[in-house]
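Encoded as structure tokens, the structure appears first; notes follow it.
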Amino acid sequence: MNAIVLAILVMVTLSLARVSVVFALIAASLVGGLMAGLPIGDIMSAFNEGLGSGATVALAYAVLGAFAVALSRSGVTELLAERAIRGLHLDDQPTSRRWVAFTLLGALLAAAVSSQNLIPVHIAFIPVLVPPLLKLMNHLRLDRRLAACVITFGITAPYMLLPVGFGAIFLNDILLTNLNASGAELGLEVTRGMVPMAMLIPIGGMALGLVVAALLSYRRPRRYEDRDLAHGDETPAQAARHLAPWQMAVLAAALVGTVATQLLSGSMVLGGLFGFALLSVSGVFRWHEQDGIFTEGMRMMAQVGFIMISAAGFAGVMQATGEVSALVEGSAELIGDNKGLAALIMLLVGLFITMGIGSSFSTVPIIASLYVPLALGFGFSPMATIALVGTAAALGDAGSPASDSTLGPTAGLNADGQHDHIWDTVVPTFLHYNVPLIGFGWLAAMIL
């Protein structure tokens with residue numbers, strides 16, 4: 001068995017068995033490395049070298065978590081949630097919950113889409129925006145698995161379809177560039193206008209999955225407990241009673257300043273620190289509490305942070321095995337002359353590769369160099385080749401335990417400890433996005 005396939009199977013099996021994802025990633029790294037014939041020392045060296053690429057994002061999430069807890073501790077989120085619950089009569093008129101829930105989900109979707117292009121902060125908005133909404137979601141009895149599907153769609157589909165913001169980087173700078181570089185000697189020439197058109201059908205599959213999740217899979221109410229995100233001398237509800245108007249203005253400035261600082265500096269860490277510092281001097285919580293609040297926020301994001309770091313190490317080991325090309329070559333031998341089977345096998349192999357690395361941006365150069373000659377050899381058109389490579393890369397973001405597109409929603413929705421990363425984020429997004437992506441990606445390859 002190929003080392004990458006075995007490693008992914010070990011990671012997924014352990015994760016589904018509710019073993020810690022960090023443990024599963026480390027164990028899968030060892031299994032995959034040993035299967036590829038790497039000595040233990042080389043495996044750990046590759047794992048350690050990969051850790052650095054995940055540390056920056058993990059630290060950023062920890063700081064943004066501290067800012068989110070500080071917002072909760074100020075009482076403003078409690079105040080807004082109570083006003084929304086009373087004003088919308090959510091506890092008295094159950095029939096209104098569904099419409100309010102869909103409005104809230106629409107707002108989350110709009111925020112997620114905007115984070116990829118209009119305000120390109122990527123997943124940084126999640127730890128700040130989502131935790132304050134959890135109490136409102138609880139009274140709406142909104143299934144957080146649906147919220148996870150909505151957020152994941154919003155932060156993945158736009159960059160795979162719209163050539164603006166992060167989409168310009170993915171579609172033009174990465175996908176288009178690597179397709180032309182890999183196909184130059186084979187006569188493949190792809191233009192900018194072809195890439196979004198080729199990805200339209202696969203993204204249509206994701207959109208169908210989102211509709212199924214909203215209207216069928218997770219439409220029933222689900223109960224959660226109301227839990228405070230922060231603890232101190234006062235509860236958030238008590239703190240809300242003596243919020244002064246000028247303090248409310250400072251809170252608004254902290255939110256705007258956090259986003260502005262990140263956009264200007266390009267650093268999520270500086271953005272989170274700016275917002276936390278502004279709240280610390282505003283008097284919304286006592287000065288001696290700030291260390292405890294900061295620590296509590298970092299602890300809230302610790303699980304996601306360590307998964308991100310471990311996932312980067314796992315990806316380092318997978319690349320060090322050198323088994324990607326062997327996996328593609330071995331699959332090609334099984335295909336024969338069946339064009340439909342070739343498209344399906346290429347997508348499934350892409351699923352295994354990208355689920356391990358967890359990033360479509362990092363996977364495109366690897367997949368394009370192997371898939372473009374293979375696709376052209378089977379007679380796929382340039383548009384079909386784009387769809388195959390783009391879809392194979394996207395599969396890693398939509399439903400991998402190691403992807404920031406699943407870790408991000410978990411970070412926000414599990415702020416109160418009631419949302420499991422694997423069963424409440426990864427499994428729902430895999431079923432509703434990866435499965436349709438494979439089906440619609442195959443359809444695009446066959447008809448384009």
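The values are calculated or read from the model by the stated rules, or taken from the named source; none is laboratory data. Predicted model only: the values in this text are computed from it and were never measured. Glycine also receives a Cβ, built like all others from the backbone with ideal geometry; neighbour counts cover every protein chain displayed. Note: accessible area is taken over every heavy atom of the protein model, side chains too, but ligands, DNA and RNA are not part of it. Shrake-Rupley method; radii C 1.70, N 1.55, O 1.52, S 1.80 Å.
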Excluding ligands, DNA and RNA, the carbon-plus-sulfur percentage of the accessible area of the chain with a 1.4 Å probe reads 65
Computed over the chain: longest principal axis from alpha-carbon atoms vs helix 3-16 long axis, angle to nearest 10 degrees, is 30
Mean accessible area per residue over the chain (1.4 angstrom probe, all protein chains present, square angstrom) is 39
With every protein chain in place, the accessible area of residue 200 for a 1.4 Å probe, in Å² rounded to the nearest 10, comes to 90
With Cα coordinates, the longest principal axis of the chain makes an angle with the long axis of helix 382-399, in degrees rounded to 10, of 40
In whole percents, the bins of 10 Å from zero upward hold the Cα-Cα pairs of the chain as 5, 21, 29, 25, 13, 6, 1, 0
About its Cα centre, region 120-197 carries a charge dipole, from +1 on Lys and Arg Cβ atoms and -1 on Asp and Glu Cβ atoms, whose size in debye to the nearest 20 is 600
Calculated from DSSP helices alone, with each H run of at least 4 adding -39500 (n - 2.57) and the total divided by the residues of the chain, [θ]222 nm to the nearest 500 comes to -22500 deg cm²/dmol
Mean-square fluctuation maximum in Gaussian network of the chain, Cα pairs under 10 Å, restricted to 289, 323, 185, hits 185
PRE zone check, label point 7 Å out along Cα-to-Cβ of residue 287, amide N under 16 Å, scope region 244-266, hits none
